[in-house]
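The structure appears right after this line, and notes come after that.
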């Protein structure tokens with residue numbers, strides 16, 4: 001008699017409360033999508049100004065109320081702890097039909113946002129009441145984008161906090177990225193616009209926000225903004241030259257990539273359901289360290305050429321430097337960080353941009369790897385090789401290989417999100433700050449260690465592959 005093997009678990013029937021909240025969310029999103037379509041049919045958005053409130057309020061109540069209610073019912077009645085049931089049987093989370101639909105939808109939105117903003121006229125006009133209250137002006141595509149971005153971080157941040165409520169580190173970290181996104185990346189920049197000050201995001205610095213360091217008349221709009229612009233330039237310089245190295249020395253790159261940065265904030269909240277899709281292969285690691293440092297070189301070269309052009313009075317290098325600036329904005333600022341970086345969440349995982357392209361992550365990663373107190377320590381004697389840590393590492397690190405050999409994890413790519421420790425059933429992993437000298441071999445000679453690291457795969461993964 002043949003034995004039947006079940007290929008998928010019996011998924012629990014959603015509760016009545018969850019079905020109701022799901023329906024409300026779908027209804028709200030449907031109304032929001034209607035705002036895209038109406039201007040295509042009529043040629044104009046019949047709402048705008050304060051009149052848009054009559055449509056914005058019900059959409060917000062249905063979508064946000066339903067979404068938050070759905071999150072609460074998702075974990076209602078469950079005990080605190082690891083919640084990864086059915087992850088690998090979900091089409092949305094494992095590149096199934098719904099996963100591809102989500103990826104195409106995310107990607108299409110970014111393509112429209114960057115290159116066809118007229119398509120967004122309906123949703124933009126929907127944001128007019130909010131924009132006028134905060135900035136004193138009508139909304140544009142970037143106000144729409146920033147508002148949606150912030151709402152997603154806050155709502156899915158609630159999901160993240162509820163999901164990992166057993167882990168204090170995750171609760172504090174999620175609260176931090178939500179706070180910085182709402183206050184420093186949304187409210188403050190828009191209040192500055194109301195004061196007719198230049199746009200300034202206090203959570204972004206050079207090289208992630210290269211235009212902050214571009215010279216006058218070459219995209220460096222802060223230098224062209226008078227006294228307040230100069231103050232912003234000084235703040236940015238202090239942050240990248242003083243504050244960033246000091247904090248990275250004591251806490252690793254996690255202080256920025258997992259606690260402050262808006263890109264990381266979206267990846268850790270909206271992107272959490274897809275963190276397990278990151279490629280863990282050595283080939284991906286080789287591509288990663290070539291691509292991310294290539295982008296860093298690109299932005300350094302672009303900035304240097306623009307300043308040289310400015311010093312020479314735009315008489316010699318104008319075409320070259322402006323070409324570099326334009327291509328960097330198109331290839332990196334739009335296509336890589338936006339279209340691929342977020343659009344491909346459901347296909348390649350939540351940290352594609354942070355892992356393969358972010359120049360800030362590259363810069364901080366170098367210091368974290370060789371000149372920082374941060375490490376993830378391992379207690380290999382307790383490891384049962386379940387693989388949860390490696391599976392849910394969004395940066396593609398084979399954490400288990402390190403744990404099995406009781407080696408510190410000091411990878412340049414690690415953003416210190418702490419999920420590997422949160423999903424470990426045995427308490428094998430611990431995020432720590434300690435003396436620099438015992439983090440890795442030859443830690444007392446970091447320059448020698450840098451040379452030895454060139455061309456060699458991560459130690460734990462290399463040995464694992466050899467065996």
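Read-outs throughout are calculated quantities, based only on the coordinates presented, and are distinct from any laboratory measurement. Note that the structure is a prediction, hence the values are computed from the model and not measured. Please note: Cβ atoms are built from the backbone with ideal geometry, for glycine as well, and neighbour counts cover all protein chains shown.
Quick one, what does Rg over Rh come out to for region 311-425 if you take C-alpha atoms and the Kirkwood Rh? All intermediate terms of the calculation are to be shown ahead of the outcome.
On the way: Rg = 19.1 Å, Rh = 16.6 Å.
Radius of gyration relative to Kirkwood radius: 1.15.
If you average the alpha carbon positions of region 214-266 and of region 355-422, how far apart do those two centres end up, in angstrom? Cα centroid of region 214-266 versus Cα centroid of region 355-422: 25 Å apart.
What FRET efficiency comes out for the pair residue 111/residue 76, r = Cβ-Cβ distance, R0 = 35 Å, nearest 0.05? Efficiency, from the Cβ-Cβ distance: 0.40. Rounded to two decimals, the Cα radius of gyration of region 282-356 over 2.2 N^0.38 Å is 1.33. Here region 30-128 yields Rg over Rh of 1.08, to two decimals, using C-alpha coordinates and the Kirkwood radius. A simple spin-label model places the labels of residue 406 and residue 179 3.8 nm from each other, with each point 7 Å out along Cα-to-Cβ. Ordered by the number of other Cβ atoms lying within 10 Å of each residue's own Cβ, fewest first, 280, 430 fall into the sequence 430, 280. In terms of its Cα atoms, the chain spans 71, 64, 37 Å along the principal axes, sorted from long to short.
With each label modelled as a point 7 angstrom along the Cα→C-beta vector, the residue 196-residue 171 pair spans 4.7 nm.
Helical runs (DSSP H, four residues minimum) scored at -39500 (n - 2.57) apiece and divided by the length of the chain put the mean residue ellipticity at 222 nm at -16500 deg cm²/dmol. At an R0 of 60 angstrom, the distance between the Cβ atoms of residue 34 and residue 438 translates into a FRET efficiency of 0.50. Gap in Å between the Cα centre of region 294-315 and the Cα centre of region 102-125? Centre-to-centre (Cα) distance: 32 Å.
Sorting 44, 283 from the fewest to the most surrounding beta carbons within 10 angstrom yields 283, 44.
Among 127, 160, the order by Cβ neighbours within 10 angstrom, fewest to most, reads 127, 160. For region 129-270, the Kirkwood radius over C-alpha pairs fed into Stokes-Einstein at 25 °C and 0.890 mPa s yields D = 152 µm² per second. Ordering 263-270, 60-67, 284-291, 179-186 by mean Cβ neighbour count within 10 Å, with the highest value first, yields 263-270, 179-186, 60-67, 284-291. A full extension of the chain between residue 88 and residue 243 corresponds to an added length of 51.7 nm, given 0.36 nm per residue minus the alpha carbon distance.
Computed over region 130-169, the Cα gyration tensor eigenvalues convert (square root of 5λ each) into semi-axes of 31, 9, 6 Å, ordered from largest to smallest. Binning the alpha carbon pair distances of region 360-447 at 10 angstrom intervals from zero yields the distribution 19, 50, 27, 4, expressed in whole percent.
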